[in-house]
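Asks: Here's a structure for you.
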Amino acid sequence: MAEVTRPDLDALSSRLVEVEGYLHIDEKRGEVADLEARSAAPGFWDDADAARELMARLAAARDDVSGIDAARARLEDAQAALELAEETGDEDLLAEAAGIAAALEGDLSELELSSWFTDELDHGDAIVTVTPGQGGLEAQDWCEMLFRMYQRYCDRRGWKVVVNDAEPGEAIGLNRATFTVSGHNAYGMLRAEQGVHRLVRISPTDAKKRRQTTFAGVEVLPVLPDDIEVEIDQNDLRIDVYHASGHGGQGVNTTDSAVRITHLPTGIVVTCQNERSQLQNKAFAMSVLKSRLYELELARRAEELDELRGPKHDIGFGNQIRSYVLYPYQLVKDLRTGVETSNVDAVLQDGDLDRFVVGYHRWAVGGGGER
């Protein structure tokens, strides 16, 4: 906000009180104290898995409490700066108050977003897969562009990315990219990206420079915690090993380290090839298969296909959630929420996706879409 007034700060104060209620912040303070006491008890690390789970809960609760405390401190700073500015007529103090208020507005948006994530899986890690759709070789190039965009978005958010599978396309781009994202609310945030993404541009491979429309699909799955059991009969699996062809360290392509697992009853196929070890690749592929089977079970129980991944659609015309137009004009527009920007470079090159991600969740919470 360019300028700030007392009503502006009163509105931010009301938002802060609402977010404190959404997050049950008083209960979170008690939870932090309880978990800290339990983590300091003798023998706490005797059960390493349980200890790690508790520490993850403690970190999440601390994040919420510290976020509220920081927002409250910013509000008080803005109120003090505005009061002094009104008393003295100091333009610098007025500008300082406006700057603090703008930062507080961003903080509150983040806290509101966190309060919308009511499923425990929302707070955990995510497995993202990008695959080309209609558009031939151009779609493989678009697949790689999206892959790079998400890597930059994760960097902006401070999330860790581990590339599990990046299969090169026939001539350009990628035929598939799968990566794991670790960080606070990673799955909750990234599930906003699930669906078909459409690109319109001048074809870089067409000598006549004609306009080309291409598509890529994005699938987002939660990394399931260990306490969620998914029974998999080993007799239902076909496991193939082969030479890795994707990005990897020295020696990754010299052995049969890549793994492809086919779940025969469902036809689900999962691959991983970016680890040096066949065992590591198999372990990751099994975790992805576990997540997909878990998703299917939820869909069956709810008698709908959009419990986590959303309805199945062809990766092509009429099914896109977002369009990225580079020619004849420049525009990125989310077709669910109406959020748009003409700064396509910020989105594709710099991973500036927050307006779309936050816009989706605000739309979903407001009844615009299924959670």
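Asks: How big, on average over all directions, is the shadow cast by the Cα convex hull of region 6-116, in nm²?
Replies: One quarter of the hull surface, i.e. the mean projection, equals 8.1 nm².
Asks: Can I ask one more? For T213, what charge total do you get from the other residues with a beta carbon under 9 Å from its beta carbon, if Lys and Arg give +1 and Asp and Glu give -1?
Replies: Net of charged neighbours comes to +2.
Asks: For region 119-371, just the Cα set please: Rg and Dmax, both in angstrom.
Replies: Reported Rg and Dmax, both Å: 18.1, 56.
Asks: If you take the charge dipole of the chain about its Cα centre, with +1 on Lys and Arg Cβ and -1 on Asp and Glu Cβ, which of L93, P328, V19 is farthest toward its positive end?
Replies: The one lying farthest along the dipole's positive direction is P328.
Asks: Starting with the highest mean, order 65-72, 184-191 by the number of other Cβ atoms within 10 Å, averaged over the residues of each peptide.
Replies: 184-191, 65-72
Asks: Compute the signed sum of charges (Lys and Arg +1, Asp and Glu -1) over the other residues within less than 15 Å, Cβ to Cβ, of A70.
Replies: After counting each charged neighbour, the total is -4.
Asks: Can you tell me which of 116-126, 85-95, 43-53, 135-145 comes out highest on packing, and rank the rest after it, using the mean Cβ neighbours within 10 Å?
Replies: Top of the packing list down: 135-145, 116-126, 85-95, 43-53.
Asks: Compare the Cα positions of L298, N319, N235 along the charge dipole of region 119-371 (+1 at Cβ of Lys, Arg; -1 at Cβ of Asp, Glu; about the Cα centre) and return the one farthest towards the positive end.
Replies: N319
Read the figures in this text as sums done on the coordinates, not as results from a lab. On a predicted model such as this, the values are computed, not experimentally measured, just so you know. Quick reminder, even Gly has a Cβ in these numbers, built from the backbone with ideal geometry, and neighbours come from all protein chains shown.
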